[in-house]
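Each value in this text was obtained by applying a stated rule to the coordinates, not by laboratory testing. These figures come from a predicted structure and were not determined experimentally. Here the Cβ positions follow ideal geometry from the backbone for every residue, glycine too, while neighbour counts run over all protein chains shown.
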Amino acid sequence: MTDTLSPETTAVFTDRHGAVHALPAPAAEAQVRADDRGHVFHSWSAQALIDPLPIAAGEGSTFWDYQGNAYLDFSSQLVNLNLGHQHPDLVAAIQQQAGRLATIQPSMANDVRGELARRIAEVAPGDLDKVFFTNGGADANEYAVRMARAVTGRRKVLSMYRSYHGGTATAISLTGDPRRWANEPSDGSVAHFMGPYAYRSSFHADSPEQEAERALAHLEQVIALEGPNTIAAVILETIVGTNGVLVPPPGYLEGVRALADKYGIVYIADEVMVGFGRVGEWFAVNHFGVVPDLITFAKGVNSGYAPLGGVVISQKIASHFDTVAFAGGLTYSGHPLACAPGVATFEVFERDGILERVRDLGERVVGPRLREIAAKHPSVGEVRGLGLFWAIELVKDPETREPLVPFNAGGADAAPMGAVAAACKQAGLWPFVHFNRLHVAPPLVITEEELVRGLDILDEALTVADSYVA
């Protein structure tokens, strides 16, 4: 991080190609803060208790504030910036599309919309070959549930307690984490169940295989108690994201598929966070060899350069609507300015071998280094993940596994994690923090040198967490 600049001094940064760029003068920051504090209402926040950091520029895996301080983005913003800040191919795609056709309504055919749908279908598993475009992940989950209900004639949906599916009405009801609480009641046709979490097993399992077996037995019991003929769908994040980076144990997803088939339930895979390369696959279900009925996506499809999400639909479900109108739609469904960087994303992934490098960096760099860090720091209870998507779970006591901060901690109770995050930021790394965990989710284009540097910063910051260990 650089020293604080005078109001008249303009900082510069050098991009990955060696070009030097000027940042806005630090004096401009005051207006940004004033406008934000005066008029922007922020999500998931007590408005008077936050102080958003004004950001002046970003490039690759780094962003800068108005003072010229650089931060290595280890959260990919909200785990959506898969190809990094200001990727030239994505920026050019938007510029070119805006110059040719800025928008067109979704009832008309459009070249970039159709091409992106085709490319998504080509990498989706099984017979999932139709795409309904939405504006983001929450409404993708909303529409997937709507499709499942229409096809089955049933209403109820099952989802995990450890989950996040979005902030809209049904999506927040599907969500298991505490963000749901203040929004209840909403969609009353949702029931929750416990998913596998071997480190904190609800099933007293002593192996990953046993965890899968017992978690599936629990799910089938919930299905029985809720009434199989009332359940339209089961929705789960292929790898639980914000609520823990929980990689399903061997056999679990296959078991969910089997239960869905057994009871005529639609299996929805929420891949809003893990789709499009995050774990080294186009879709994370491909890693596990499972074919859901519906896949929801957003975030990495175009790195969030414009709002875009969608549902990938199996032939069985899509054919239901061949002669029956689908009761849903959005003005901006498949917006050309959002689809253009989506098409460019496929071109970049294929040209630059993104999936292969994600698998390589995860297996060769991140996994081994995090295991070294875990062995070094008594505050680290477990590390887990795939590709460039990992969690470091922090504890006060490695024997009892008491979390470093309580579940849903706020205020003074959350201070230990706040101190760890502050140490990261002071060293020039922007972390992803949730409850008692640090998540490692950098842009997929991060260089190996940047990745190692970020892991070094986390290593040092964890000495702060160690000071709270009993």
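Charge tally around TYR252: other residues with Cβ under 11 Å, Lys/Arg +1 each, Asp/Glu -1 each, net -2.
Straightening the chain between TYR199 and ASP456 buys 90.0 nm, computed as 0.36 nm per residue apart minus the Cα-Cα spacing. For region 80-115, backbone nitrogen atoms closer than 20 Å to the point 7 Å from GLU356 Cα along Cα-to-C-beta are found at 83. With θ set to phi - 60°, apply the Karplus curve 6.51 cos²θ - 1.76 cosθ + 1.60 along region 400-413 and write out the HN-Hα couplings as whole Hz, x wherever there is a Gly or Pro. Working through the residues one at a time gives 8, 6, 4, x, 4, 10, x, 4, 6, 5, x, x, 5, 5 Hz. The amide H of HIS434, built 1.01 Å from its N in the peptide plane, has HIS439 as neighbours under 5 Å, considering only residues 5 or more places off or on other chains.
Please find the FRET efficiency linking ALA46 to LYS425, where r is the Cβ-Cβ separation and R0 is fixed at 25 Å, and quote it to the nearest 0.05. Please report the intermediate quantities before stating the final value.
Working: r = 20 Å, r/R0 = 0.82.
Efficiency computed from Cβ-Cβ geometry: 0.75.
Only the Cβ atoms of Lys and Arg (+1) and of Asp and Glu (-1) were treated as charged; on that basis the dipole of region 1-151 about its Cα centre amounts to roughly 560 debye. When the charge dipole of the chain is built from unit charges on Cβ atoms (+1 for Lys and Arg, -1 for Asp and Glu) and taken about the Cα centre, the candidate among PHE276, HIS377, ILE223 whose Cα reaches farthest toward its positive end is ILE223.
Taking label positions 7 Å along the Cα-Cβ direction at both SER207 and THR331, the computed distance is 5.7 nm, reported to one decimal.
Using the Cα centre as the reference, give the magnitude of the dipole from point charges on the C-beta atoms of region 291-392 (Lys, Arg: +1; Asp, Glu: -1; all else neutral), rounded to the nearest 20 debye.
360
Consider all pairwise Cα distances in region 89-352 and report the whole-number % of them above 28 Å. The proportion of pairs with Cα distances above 28 Å equals 32 percent. Normalised by the number of residues in the chain, the mean separation of alpha-carbon contacts (under 8 Å, six or more apart) gives a relative contact order of 19 percent.
When you restrict to C-alpha pairs under 8 Å that are six or more residues apart and normalise by the size of region 1-151, the relative contact order lands at 16 percent.
Projecting the Cα atoms of PRO292, LEU236, VAL190 onto the charge dipole of region 89-352, computed from C-beta unit charges around the Cα centre, puts VAL190 farthest toward the positive end.
Database remark: amide H of ALA56 closer than 5 angstrom to the amide H of TRP64, ASP65, TYR66 (H placed geometrically; neighbours at sequence offset of 5 or more, or on other chains; Pro and chain starts carry no H). In this structure, TYR263 and THR400 have a Cβ-Cβ separation that, at R0 = 41 Å, corresponds to a calculated FRET efficiency of about 0.60.
Pulled fully out, how much extra length does the chain show between SER189 and VAL324, if you take 0.36 nm times their separation in residues and subtract their Cα-Cα distance? Don't jump to the answer; show the numbers that get you there.
Numbers: separation 135, 0.36 × 135 = 48.60 nm, distance 2.38 nm.
Once the chain is fully extended between SER189 and VAL324, it gains 46.2 nm.
In order along region 316-322, phi translates into HN-Hα couplings of 4, 6, 4, 5, 4, 9, 4 Hz, rounded to whole numbers, per the Karplus curve 6.51 cos²θ - 1.76 cosθ + 1.60 with θ = phi - 60° and x for Gly and Pro.
If you place +1 on the Cβ of every Lys and Arg, -1 on the Cβ of every Asp and Glu, and leave all else neutral, what size is the dipole of region 67-221 about its Cα centre, to the nearest 20 Debye? Numbers along the way, then the final one.
Details: 15 positive and 17 negative charges, 107 e Å.
Charge dipole, region 67-221, about its Cα centre: 520 debye, nearest 20.
Here's how it looks for VAL274: its modeled amide H is under 5 Å from none belonging to a residue 5 or more places away or on a different chain. The string of couplings for region 335-349 from the Karplus curve (6.51, -1.76, 1.60, θ = phi - 60°) is 4, x, 6, 8, 6, 4, x, x, 4, 4, 4, 4, 5, 5, 4 Hz, one whole number per residue in order, with x for Gly and Pro. Each residue, GLU122 and ALA27, gets one label point 7 Å from its Cα in the Cβ direction; the gap between the two is 5.3 nm.
Going from the alpha-carbon gyration tensor of the chain, what semi-axes, largest first and in whole Å, does one get by taking the root of 5 times each eigenvalue? Mind showing how you got there, number by number?
Working: eigenvalues 239, 174, 85 Å².
In descending order the semi-axes read 35, 30, 21 Å.
Between ASP466 and ARG37, take the C-beta separation as r, use R0 = 22 Å, and let me know the FRET efficiency to the nearest 0.05. The formula returns an efficiency of 0.05 here.
Here the extension length gained between ALA217 and THR103 equals 36.1 nm, from 0.36 nm per residue of separation less the Cα-Cα distance.
Cut-off 18 Å, label point 7 angstrom out along Cα-to-Cβ of GLN96: give me the residues of region 302-323 whose amide nitrogen falls inside. Inside the label zone: 302-303, 305-306. Is the C-alpha gyration tensor of region 325-419 telling us rounded, prolate or oblate? Criteria: a/c under 1.5 is rounded; beyond that, a/b larger than b/c is prolate, otherwise oblate. Here region 325-419 falls in the oblate category.
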